1. For Y395, all conditions in the list (1) buried (at least 22 other Cβ atoms within 10 Å of the Cβ); (2) more than 16 Å from the ligand (Cβ to nearest atom) hold save one; what is the number of the exception?
2. Quick check on the stretch 132-157: of everything there that is of a type in the set (F, W, Y) and within 16 Å of the ligand (Cβ to nearest atom), which residue is nearest to V192 (Cα to Cα)?
3. Among the numbered criteria (1) part of a strand (DSSP E or B); (2) in contact (Cβ under 8 Å) with a residue 40 or more places away in the chain; (3) within 16 Å of the ligand (Cβ to nearest atom), which one does N225 miss?
4. Specify which of the listed residues (L340, L312, L301) is under 27 Å from L260 (Cβ atoms) and within 16 Å of the ligand (Cβ to nearest atom).
5. Does A255 qualify as being under 16 Å from V213 (Cα atoms), more than 16 Å from the ligand (Cβ to nearest atom), within 24 Å of the chain's Cα centre (by Cα) and not in a loop (DSSP other than H, G, I, E, B)?
6. All but one of (1) under 24 Å from L123 (Cα atoms); (2) under 25 Å from the mean Cα position of the chain (by Cα) hold for F195, so report the exception by its number.
7. Check L43, L18, L83 and return the single one that is outside the structural domain of F142 (by TED's automatic domain parsing), modelled with pLDDT of 95 or more and not small (G, A, S).
8. Does the stretch 272-286 hold any residues that are under 23 Å from H256 (Cβ atoms) and either charged (D, E, K, R) or within 14 Å of the ligand (Cβ to nearest atom) (or both), and which are they?
Amino acid sequence: MQVQSVWPASESEFQPSLKQLAYGNSYIVRMRIRFAFALTLILIAWSASHASDLALTGAKIYTSPTEPPIENGSIVIHDGHILAVGPTSSIKIAPEATVIDCRGLVVAAGFWNNHIHILAPGLLHVRASSTNELDKVLDTIFNRWGFTTVFDLSSVLDNTLALRKRISSGELRGPRILTVGEPIWTIEPVYVRDFLQENHIHMPNTQTPGQAVALVREHAAKGANGIKLFCGSYQGQGKVAVLPLAIARAAVEEAHQHSLPVFSHPQNWEGVNVAIASGVDVLAHTVPQSPPWTADFVSRLKSANIALIPTLTLFDFEARKENGSDQEREAWISKMVAELRAYAQAGGDVLFGTDIGYIDHYDTSLEFTLMSQAGMNYQQILASLTTNPARRFRYSDRSGHIAKGTDADLVVLGADPAQDVSAFSKVRFTIRAGNVIYRQK
Ligand SMILES: [Zn+2]
């Protein structure tokens, strides 16, 4: 005989009468407590979400370099992401939200600095440094200039990972950090030799393709986001140690297996040719020891799909160290500006970067002025700060532009870069994942 179950096939908590039959009133009481508890949780979640919302109101908003700006726009941020962006009249803001009045200000997506070093004084011993000490340095070199993502192009990987962990845990106020860790070179450049010795930093020399592959694998396993090759390593008095092509090729092939982009410090003509022949993705600088960039050379770079980080401020910094005349310095900078002009005019991919951490000139205004001298307009410069790196490093779904669902990484500027590109350096607020990490005092 088949025994008929007294319970309906789909057991529902809204059918207590049968259960009441089985268990009596205690069941109803338990259900009521459960229901009340669930309702309380929902209410807490609802009120917390609205209390933690951040809203920027009344701003001129550049959602991306290619879209026309929203003249009077607002943005609502919820749980680290953009919840809404549009004309102020169309945006609903919860009364509990924290509001930053941005009338007269300009908002853009958070900036990327694609050439920095976690080697700045104060960042070398992350595990031994206090929150206060580190926050101060992060403010001075990154937050204050609107950087919400930085690509570290050589540092001590373990130390940089420790810094990244303390930032992502929310303990420190700082940008998202991507890193290449220790670079690949046959010998270190002369200008970092003393620095490494003084600070007791060991960075390995790579002499064979096998060693290069081993370094890439180790870096990938530890959480590096890219690989850096010194295709040319400056040895002083015009001499350059050029990376053998076999080492460069082995490193690039292995890096690409791990989906890691490869950066190259080119230094001279031979170095840049090793970079192109080995398949690197990004030139970390314009090339100081190079003939003028012809249309042929530029099209070779472009067809190799190589992005360029100009670091023009670096060349000004180096020239000042040499104590040459103003004329010599200007001639040297013009040569670097001409390389950028040739690449930008040809539609090459340009990524913003200043080499801070190696240089201590943190102010970004000179870089913007020089980029503009190279013929780049404010949209092109904004692209180099936002959409170009996001696309190149595969963050486009969440970074580089402002849209519903993207990371709430934003820069609030005190002036409009459409009028003067140095406005990109006039930062009022920097917001990373919905948290204000810098506020101009
Ligand atoms: Zn550098």
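The values are calculated or read from the model by the stated rules, or taken from the named source; none is laboratory data. These numbers come from a predicted model, not from an experiment. Neighbour counts run over all protein chains shown; Cβ positions are idealised from the backbone, glycine included.
1. Failing condition for Y395: (1).
2. This residue is F151.
3. (1)
4. The conditions single out L312.
5. yes
6. (2)
7. L83
8. Residues satisfying the conditions are D281, V282, L283, A284, H285.
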